[in-house]
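Read the structure below first, then the notes.
The values are calculated or read from the model by the stated rules, or taken from the named source; none is laboratory data. Treat the numbers as computed from the prediction; the structure is a model and nothing was measured. Cβ coordinates were reconstructed from backbone atoms using ideal geometry, including for glycine residues, and neighbour counts include every protein chain displayed. Side chains are part of the model used for accessible areas, which takes the heavy atoms of the whole protein and leaves out ligands, DNA and RNA. Shrake-Rupley method; radii C 1.70, N 1.55, O 1.52, S 1.80 Å.
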Amino acid sequence: MADSALAIVADAVFKVLNVPSLTAPPPIGAGAKRVVDQPVLSPVDDDIPFPFVWYELAAERMAGGLGPGPWLLEIDLRVHVFSTAPGMQEAQAIVQEVIRLLRQAEKAGALPVAGWLSAYAPHDATITLPYELLNNVPVRELVAESRIYLQEAA
């Protein structure tokens, strides 16, 4: 399997994150209005759905050694939360649920990536970006950085 795993990993991450515990309003869920794989919002859109979650697969690297395989890939996952609420509490609650869902999927082996075994997905860091403009809308952003290791299925 000499193909990139990015497309199927993106689909798997979407399935893990697009669940009511993240997208339903509090107290049922964390309150994210939507989960997207691209952050572009139209500047003429009067009803921008904040807060929202944007995930990106930032890099895919070969982590295996020399030889015919099996391939071992390391994929950088960044999950961004954009919020217009005052303070960071709303974004923090959403990021906390994102991390919980990714850890739960890892422990349960529920990151379904066809043709690959998902072995390990550590959370590396959470970065606070409290003062930004997104299409001229003041937002607070939190970024959760993780890695996903995939081994080619035999």
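One residue stands out in region 125-154 among those that are surrounded by fewer than 13 Cβ atoms within 10 Å (Cβ to Cβ) and small (Gly, Ala, Ser): the one that is nearest to Ala63 (Cα to Cα), namely Ala153.
Scanning region 133-154 for residues that are more than 22 Å from Ala30 (Cα to Cα) and of a type outside the set (Val, Ile, Thr) yields a total of 10. Residues in region 28-80 that are at positive phi and at pLDDT below 90: 2 in all.
Quick one: count up the residues across region 95-154 that are in contact with a Pro (Cβ under 7 Å, 6 or more places away or on another chain) and among the small types (Gly, Ala, Ser). Residues that pass the stated criteria total 2.
One residue alone among Val143, Val95, Val139 is touching a Lys or Arg at 6+ places or on another chain (Cβ under 8 Å), β-branched (Val, Ile, Thr) and more than 30 Å from Gly65 (Cα to Cα), and that residue is Val143.
If the condition is being more than 19 Å from Pro138 (Cα to Cα) and without any contact (Cβ under 8 Å) to a residue 24 or more places away in the chain, then region 48-63 contributes Ala58, Ala59, Arg61, Met62. Taking region 64-86 as the region of interest, how many residues are open to solvent by 50 Å² or more (accessible area, probe 1.4 Å) and in contact (Cβ under 8 Å) with a residue 12 or more places away in the chain? Matching residues across region 64-86 total 5. Pro49 passes every criterion in (1) farther than 21 Å from Gly29 by Cβ; (2) open to solvent by less than 40 Å² (accessible area, probe 1.4 Å) apart from (1). In region 92-125, of all residues being hydrophobic (A, V, I, L, M, F, W, C) and part of a strand (DSSP E or B), the one that is modelled with the lowest pLDDT corresponds to Ala119. Hey, can you tell me all the residues within region 1-34 that are closer than 12 Å to Leu101 by Cβ, open to solvent by less than 70 Å² (accessible area, probe 1.4 Å) and in a loop (DSSP other than H, G, I, E, B)? Result: Val19, Gly29, Ala30, Ala32.
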